[in-house]
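Peer 1: Below you'll find the structure I mean.
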Number of protein chains: 2
Amino acid sequence: MKKLINDPTNATSEAVEGFVLAHSDLVTQLDGLVVARAGGAVAGKVGIVSGGGSGHEPLHAGFVGVGMLDAAVPGAMFTSPTPDPIVVATKAADSGAGVLHIVKNYTGDVLNFETAAELADAEDIEVATVIVNDDVAVEDSLYTAGRRGVAGTVLVEKIAGAAAERGDDLAAVTQVATDVNANMRSMGVALTACTVPHAGKPSFELADDEIEIGIGIHGEPGRRRVPLASADEITDMLLDPVVEDLGVGEGEEVLLLVNGMGGTPASELAIVYRHARARLEARGITVARSLVGNYVTSLEMQGASVTVLRLSESMKELYDAPVKTAALRWGL
Amino acid sequence: MKKLINDPTNATSEAVEGFVLAHSDLVTQLDGLVVARAGGAVAGKVGIVSGGGSGHEPLHAGFVGVGMLDAAVPGAMFTSPTPDPIVVATKAADSGAGVLHIVKNYTGDVLNFETAAELADAEDIEVATVIVNDDVAVEDSLYTAGRRGVAGTVLVEKIAGAAAERGDDLAAVTQVATDVNANMRSMGVALTACTVPHAGKPSFELADDEIEIGIGIHGEPGRRRVPLASADEITDMLLDPVVEDLGVGEGEEVLLLVNGMGGTPASELAIVYRHARARLEARGITVARSLVGNYVTSLEMQGASVTVLRLSESMKELYDAPVKTAALRWGL
């Protein structure tokens, strides 16, 4: 295992500490490694909290700031955070208008956020929850009942975050997040595996000429292993099931997210984007917004995912709204 | 070779095409793969042009936009662009106030930018040139006489770009770029090699327990190969020669850039940042600005570099000025 880490036990805490120091204008660190928006909860604003296992950076701490998350809860690498820090984050995010939990659909995350919501409720904080499950690859998986939550999570956080920032109430923000999740689908590919620091060896094995289509963001098995193919062919294998499952078609507008798994060069993501966009346009679908980069990663895994979000006018407005976080920043 | 590419011959052109499509609000594509600021040259403003071999993305095209570059010239992977596209970029950037070429110190880049400057001069475009040579690792290298230009290039482009944007004339912008280069030093480490698409195999070999200290951004040999060490120890090996060579000390303010080589997870960069910052502070040096992420990469290489820039008040002001590019964006 070749990594820029010290004791694997401290990899997450040291990474969070470094992140917060580098972005002290945006975030502050609370108990339990919670990363909260600098300046505390915003009066009258619905709070937005997300979290999950570490190793997917910039998700979630990289999205804490104006117009997106109020707090993020990093678990250990690929491990759900416990309820306690989720409660810390929920309290930090609450200004009396309630808090939305955005939770990727993994059994541990769902359970622990549920428990935290009950604990917060006992302290009179109103909590709503939206489960993100955008991965079309498999119906059930290693750590999930139902579809997994993957790269589309960043879009739920951005768009619901903007709704909260403009002053929507908890029910309205929850509805926005639900709508985004309902209108997007994702699928990913792995070219190589990644190594979790405390495990010390790759989480799975792929032959030199083999890729895994439909991979999860923790290296969970996907749909099938196939021989290495061209970028355009691989993009088709990811995009076509996404488009079909979403049922998006001619005349519709979409956001196209090409997300890197962490170890793939930016140039390769651009090549995937180029073809995915052309293929959508060939179906008469307009790519009205685009996001290309490392947003929801799997440590140093090489690979990418494609997410398509069917856009409404109101979603476009919220997506375009100003955001100021470590990893997404525009208009401020 | 496992890559998300099609024909290796087209990797750069397809990547540039995808990049421009994804960022059409910021950039446009000209002949010779040149990426220029959307809307063309800004009246009365000094133009800023940079370029070099591809494979270092987001450098340079990711820095084209308001407050930074007017045009970028991507060569083939790890290969200098020829003079012709550099002339295309120079013309596109010129509005009559002259153009600054920011050139990393590699023999091919220096020669081809020089030829392009002469060709532009023949068309009555005034060109000044600043050579970036921030790498303290080695005095001469595989592709360079003198020190190599590495991650600090992004800081020259940001700060000189801001000077041009506020209306400084060519001599003043050139002086700013020269000052930034003179006040910064960098050094990098590779944990793994990278593979250039048309080569098809890793550009060098490293044993499983070995890292290369002082690596160049094309995998050129560094100072020495050493056994894998902890992140803190590796950070010391990078930072100490940087601080010593720069001669920065107690009471001074610096910008600390921790740059990822492309294949290193964000969490590991944060761990390096954490220790580098603490070590600078232990010397009484104030880290007044920070930048952590993948800015000057070597395809999928795992590794990082540390850059320290001695800050003046005027540099801080220019660094903080608004910028709106694909890869750096704030205040707009």
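The values are calculated or read from the model by the stated rules, or taken from the named source; none is laboratory data. Note that the structure is predicted; figures quoted are calculated from it, not measured. Glycine also receives a Cβ, built like all others from the backbone with ideal geometry; neighbour counts cover every protein chain displayed. Please note that ligands, DNA and RNA were not included when accessible areas were found on the heavy atoms of the full protein model with its side chains. Shrake-Rupley method; radii C 1.70, N 1.55, O 1.52, S 1.80 Å.
Peer 1: Could you list, ordered by first residue, the pairs with Cβ atoms under 8 Å in which the first is in segment B:17-29 and facing another protein chain (nearest Cβ under 9 Å) and the second is of a type in the set (D, E) and not in a helix (DSSP H, G or I), at least 6 apart or interchain?
Peer 2: Pairs found: B:F19/B:E57.
Peer 1: When B:D94 is evaluated against the numbered criteria (1) away from chain A (no Cβ under 14 Å); (2) crowded, with 24+ Cβ neighbours inside 10 Å, which criterion, by number, is the only one it fails?
Peer 2: Failed condition: (2).
Peer 1: Within segment B:225-247, is even one residue at the interface with another protein chain (Cβ under 9 Å from one of its Cβ atoms), surrounded by fewer than 20 Cβ atoms within 10 Å (Cβ to Cβ), hydrophobic (A, V, I, L, M, F, W, C) and more than 20 Å from the chain's Cα centre (by Cα)?
Peer 2: Among the residues of segment B:225-247, at least one is at the interface with another protein chain (Cβ under 9 Å from one of its Cβ atoms), surrounded by fewer than 20 Cβ atoms within 10 Å (Cβ to Cβ), hydrophobic (A, V, I, L, M, F, W, C) and more than 20 Å from the chain's Cα centre (by Cα), which makes the answer yes.
Peer 1: So in segment A:266-296, with the set limited to residues that are assigned to a loop (DSSP other than H, G, I, E, B) and open to solvent by 10 Å² or more (accessible area, probe 1.4 Å), which one is nearest to the other protein chains (Cβ to nearest Cβ)?
Peer 2: A:N294
Rundown of residues vs (1) within 23 Å of B:K324 (Cα to Cα); (2) more than 13 Å from the chain's Cα centre (by Cα), yes/no style:
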| position | (1), (2) |
| --- | --- |
| B:E126 | no, yes |
| B:T129 | no, yes |
| B:V132 | yes, no |
| B:E139 | no, yes |
| B:T144 | no, yes |
| B:R147 | no, yes |
| B:V150 | yes, no |
| B:I159 | yes, no |
| B:A164 | yes, yes |
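Peer 1: Now, a different point. Show the residue pairs that are 6+ apart or on different chains and have beta-carbon atoms under 9 Å apart, the first residue being within segment B:301-329 and part of a loop (DSSP other than H, G, I, E, B), the second being open to solvent by 40 Å² or more (accessible area, probe 1.4 Å) and of a type in the set (G, A, S).
Peer 2: Taking only residues 6 or more apart or on different chains, the pairs are B:M301/B:S203; B:A321/B:G331; B:P322/B:G331; B:A327/A:A266.
Peer 1: Kindly provide the set of residues from segment A:147-170 that are assigned to a loop (DSSP other than H, G, I, E, B) and surrounded by fewer than 24 Cβ atoms within 10 Å (Cβ to Cβ), ordered by number.
Peer 2: If the condition is that a residue be assigned to a loop (DSSP other than H, G, I, E, B) and surrounded by fewer than 24 Cβ atoms within 10 Å (Cβ to Cβ), then A:R147, A:R166, A:G167, A:D168, A:D169 are the ones that fit.
Peer 1: Which of the residues that make up segment B:301-322 are of a type in the set (D, E, K, R), away from chain A (no Cβ under 11 Å) and open to solvent by 30 Å² or more (accessible area, probe 1.4 Å)?
Peer 2: Correct list: B:R310, B:E313, B:E317.
Peer 1: On to the next question. So B:V254 clears everything in (1) assigned by TED's automatic domain parsing to the domain that holds B:M301; (2) modelled with pLDDT of 95 or more; (3) open to solvent by 10 Å² or more (accessible area, probe 1.4 Å) except one condition, right? Which one?
Peer 2: Unmet for B:V254, out of (1) assigned by TED's automatic domain parsing to the domain that holds B:M301; (2) modelled with pLDDT of 95 or more; (3) open to solvent by 10 Å² or more (accessible area, probe 1.4 Å): (3).
Peer 1: Considering segment A:201-223 alone, what residues qualify as being loosely packed, with under 15 Cβ neighbours inside 10 Å and either touching a Lys or Arg at 6+ places or on another chain (Cβ under 9 Å) or closer than 16 Å to A:A151 by Cα (or both)?
Peer 2: A:A207, A:D208, A:D209, A:E210
Peer 1: May I pose another question? Is it true that B:E57 is among the acidic types (D, E), surrounded by fewer than 24 Cβ atoms within 10 Å (Cβ to Cβ) and either within 11 Å of chain A (Cβ to nearest Cβ) or under 24 Å from B:V180 (Cβ atoms) (or both)?
Peer 2: no
Peer 1: Same structure again: Taking B:D94 and the conditions (1) free of Cβ contacts under 8 Å to residues at least 60 places away in the same chain; (2) under 22 Å from B:A327 (Cβ atoms), which numbered condition does it fall short on, given that it satisfies the others?
Peer 2: So the condition that B:D94 fails would be (2).
Peer 1: Next question, about the same structure. Within the set of pairs 6+ apart or on separate chains, which have a first residue in segment B:166-179 that is within 14 Å of B:G44 (Cα to Cα), a second that is open to solvent by less than 30 Å² (accessible area, probe 1.4 Å) and assigned to a loop (DSSP other than H, G, I, E, B), and C-beta atoms under 6 Å apart?
Peer 2: Pairs that qualify, where the first residue is within 14 Å of B:G44 (Cα to Cα) and the partner is open to solvent by less than 30 Å² (accessible area, probe 1.4 Å) and assigned to a loop (DSSP other than H, G, I, E, B), are B:L170/B:V46; B:L170/B:G98; B:V173/B:V46.
Peer 1: Within segment A:171-182, how many residues are more than 15 Å from A:S50 (Cα to Cα) and either open to solvent by 20 Å² or more (accessible area, probe 1.4 Å) or assigned to a loop (DSSP other than H, G, I, E, B) (or both)?
Peer 2: Total satisfying the criteria: 6.
Peer 1: Separate question: If a residue must be surrounded by 24 or more Cβ atoms within 10 Å (Cβ to Cβ) and not in a strand (DSSP E or B), how many such residues does segment B:24-39 contain?
Peer 2: Final tally of qualifying residues: 2.
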